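As C-alpha cells, the structure follows; a few thoughts come after it.
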Amino acid sequence: MGLPADFLWGGALAANQCEGAYLEDGKGLSISDVMTKGSKTEPRQLTWLIPETGKTGFTGTGFPFPLSLPNNAKLAVIDDVYYPSHNAIDFYHHYKSDIALAKELGLKCMRISMNWARIYPNGDDEKPNEKGLQFYDGVIDALLEAGIEPLVTLSHYKMPLNLVNRYGGWLDYRLTDYFERYVTTLFERYKGKVRYWLTFNEINAIYISPYMTAGLLKQDEQSRAQALHHQFVASARTVRAARRIDPDMKIGQMITRGPLYTLTANPKDKLALMERRHEEGTPEVQVLGYYPNYKLKEYERKGIRIEMLPEDMEVIKNNTVDFIGFSCYGSTVVTADKEVLSNTGNMLMGVRNEYLQQSEWGWTIDPDCLRLTLNELYDHYHKPLWVVENGLGAFDKLEDDKTVHDPYRVEFLQAQIRSMQEAVEIDGVDLIGYTPWGWIDLVSAGSGEMKKRYGFVYVDCDDDGNGSLNRYRKDSFYWYKKVIENNGIKEEK
Ligand code: BGP
C-alpha cells in the first residue's frame, strides 16, 4: 500500500502569474500583459490602442463578456492602467531564493512554464532571444541543483501578443510552425536536463476562454474548432520534436477536468451530463491520435468544417502524448434545465451542490474529486496521469509576527490528497505526481487578484502591486513538508 517511492510531490507556477519583469532582457509583450486587474465580481478586460489616432479603450475577453475591438485597434499596453502580470511576485529576480524555499519545503518536482515571448519576443522571430534563454538556464540549473525535477508547460495563457495582433492567434496555421520553432529551441537547449513537458495549459478550455488559451479575437465555434485543430497539430509536432531530440523526454497533454454529477435521476440530466463531457473537449486527439466520432458528428451537425493539410492527421496519429496532466479544482452539477445554471468554479457552469461547501470565490469544494477524476481518466485512456493543478484560493492574513494561520487550506488539501491516494492505493491508477497550484502565492489567472492565494508561502504584495514582496512560510508550509516526508497522508490508527 502507499504511493510509489519515486512519487513526484511538487507545486505549480505559471510564468505570467509569477515572473513579472514583463519587458526585461528583451521580452516581448504576451497576451496576459494587456489584461487588466479584475476582482471577484468585475471581469478582467483587455486594453487596446488605435495607432493612427492614439485612441485607447477596453474590451471584454470573450465569453461571457463580449470581445469587441474597433477597426484598426490593436491590443496594447496603455498608460495609467494596472496590469498584474507586469511585476507579479517578481519571481524573475527572486527565483534563487524561491527555489531555496521550495527545497526547504521538500518539493521533489516543480511545474513552471516558460514564457514564449521571452524566447521569441514576437513569436515569429527567426532567432531566439538569448537573454530570455539565459533566464531559464538559471531557473533550470537552480532546480536541478536543489534536486527538484522540472515539469515545464510550453504554453500557459501567455503567447506573444504579436501573434494575436498580426495573425489572429491560433486561427492561423503559421502558428504551428512558430510553435515548433520555439519548442525545438527549448528541447535542444534543455535536453538531458528537463524530462517532463506539457504542451498547452487546459487546452480544452478553449470553449470557455478562447482568448487566454488560443489568443482568439474571432471566437465563434468555427474559429475555436479550427484554432484547436492547429494546437493539436502543434502538440503532435512537439511530441515528434522531442522524440527526435531527446527520446527520454515525456510529453503530456494538459486538460481541465472534474467530476460531473446529475442534479436528479432524470435520464434527461444524465444525457445533459454526457453532452457536457462531449462539449468539454476531446482528450482523444492528443492521447489516442484521432478525432472521436461524437466530435466529428457535432461538427457535421453544426456545419463546422476544419481545414486540414493532408499530413495533419498522420502527424496527430503518430505522435500521441506520453501522459495526461490535468487541473482539478472541484466538481460540477449538471442538469438539462438550462435556466438554473450558474458559474460554480473555474468558469464551469452548473448548479450549486447542496452536499458540498464552496470556497470564498464560489468554487465547489469536493473532497472526492481526485479519486473520481483519476479513475475516469485512467479507465478511458490507460495512460499515466499527473495532477498538475489542484488547490484552494483563499484570503490569508499576515499576522504581526509574520505568521499565517491557514487551517482551511490544510483541511482542503488533506482531503484532496487522501482522495488522490485512494485512487492509487485502492484502484491502482498509475499516477506520476502531484503539483498543487501556486505553491507560492501568485497573481490569479481568472481575476488578476493577489488576495486570492493558494500558496504554502505568503508573498507580501497586494492587489495593486504594493508590498515588500517578502516571502513568509504559512502554517500549511510545515504541514505539506511533513506530507512529503511521509510520502502521503498516513491515517491515524
Ligand atoms: C487554472 C489555470 C491557472 C490558475 C488556476 C487557478 O485554470 O491554469 O493558471 O490560475 O486555474 O485559477 P485562478 O487563478 O483564477 O484562481
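The values are calculated or read from the model by the stated rules, or taken from the named source; none is laboratory data. As the structure is a computational prediction, the values presented were derived from the model and not from experiment. Cβ sites come from the backbone with ideal geometry, for glycine too, and all protein chains shown count toward neighbours. Note: areas computed on protein heavy atoms with side chains; ligands, DNA, RNA excluded. Shrake-Rupley method; radii C 1.70, N 1.55, O 1.52, S 1.80 Å.
Given axes a ≥ b ≥ c from the Cα gyration tensor, I'd like to know whether the range 5-67 is rounded (a/c under 1.5), prolate (a/b larger than b/c) or oblate.
Oblate is the answer for the range 5-67, as a/c is 1.5 or above yet b/c matches or exceeds a/b.
Taking 0.36 nm per residue of separation and subtracting the Cα-Cα distance, what length does fully extending residue 266 through residue 195 add?
20.9 nm
How much accessible surface area, in Å² rounded to 10, belongs to the heavy atoms of residue 68 with a 1.4 Å probe?
Solvent-accessible area, nearest 10 Å²: 80 Å².
Largest first, how would 149, 202, 221 line up by accessible area (1.4 Å probe)?
These residues rank, largest area first, as 221, 149, 202.
Which of rounded, prolate or oblate describes the chain when judged by the alpha-carbon gyration tensor and an a/c cut-off of 1.5? It would help to have the intermediate numbers written out before the result.
Details: a/c = 1.22, a/b = 1.07, b/c = 1.14.
Taking the square roots of the gyration eigenvalues as a ≥ b ≥ c, the chain is rounded.
Which FRET efficiency value, to the nearest 0.05, is calculated for residue 74 and residue 145 with the Förster distance at 51 angstrom and r the Cβ-Cβ distance?
0.75
Could you sort 458-465, 437-444 so that the peptide with the highest average Cβ count within 10 Å comes first and the rest follow in order?
On the way: 458-465: 18.1, 437-444: 25.8.
For the peptides 458-465, 437-444, the packing ranking is 437-444, 458-465.
Once you list every other residue whose beta carbon is under 12 Å from the beta carbon of residue 227, what net charge do they have if Lys and Arg are +1 and Asp and Glu are -1?
Once positives and negatives cancel, what remains is -2.
Only bridges with both residues in the chain count here: give the DSSP antiparallel percent, nearest 5.
Counting only bridges with both partners in the chain, antiparallel ones make up about 35 percent.
Taking a threshold of 24 Å on the Cα-Cα distance, which of the pairs 127/317; 55/452; 218/295; 37/193; 218/383 fall above it?
Table pairs above 24 Å Cα-Cα are 127/317; 55/452; 37/193; 218/383.
Tell me the net charge near residue 247. Cut-off is 13 Å between Cβ atoms, residue 247 excluded, with +1 for each Lys or Arg and -1 for each Asp or Glu.
+3
Can you give the helix-only mean residue ellipticity at 222 nm for the chain, where every DSSP H stretch with n ≥ 4 adds -39500 (n - 2.57) and the sum goes over all residues, rounded to the nearest 500 deg cm²/dmol?
-10500 deg cm²/dmol
Counting only residues 5 or more places away or on other chains, whose amide H sits under 5 Å from the amide H of residue 473 once H atoms are built in the peptide plane?
Under 5 Å from the amide H of residue 473 lie the amide H atoms of 458, each far enough along the sequence or on another chain.
How about residue 451: which aspartates and glutamates have a C-alpha closer than 14 Å to its C-alpha, ignoring those fewer than 8 places off in the same chain?
360, 396, 406, 441, 460, 462, 463, 464
Which percent, to the nearest 5, of DSSP beta bridges fully inside the range 248-370 are antiparallel?
40 percent
Sorted by packing (mean other beta-carbon atoms within 10 Å per residue), highest first, where do 412-421, 40-49 land?
Final packing ranking: 412-421, 40-49.
Can you check what the net charge comes to around residue 152, using other residues whose Cβ is under 12 Å from the Cβ of residue 152 (Lys, Arg +1; Asp, Glu -1)?
Local charge sum for residue 152: +4.
If packing is taken as the average count of other Cβ atoms within 10 Å, what order do 249-255, 189-195, 80-86 fall into, highest mean first?
Ranking, from highest mean packing down: 249-255, 80-86, 189-195.
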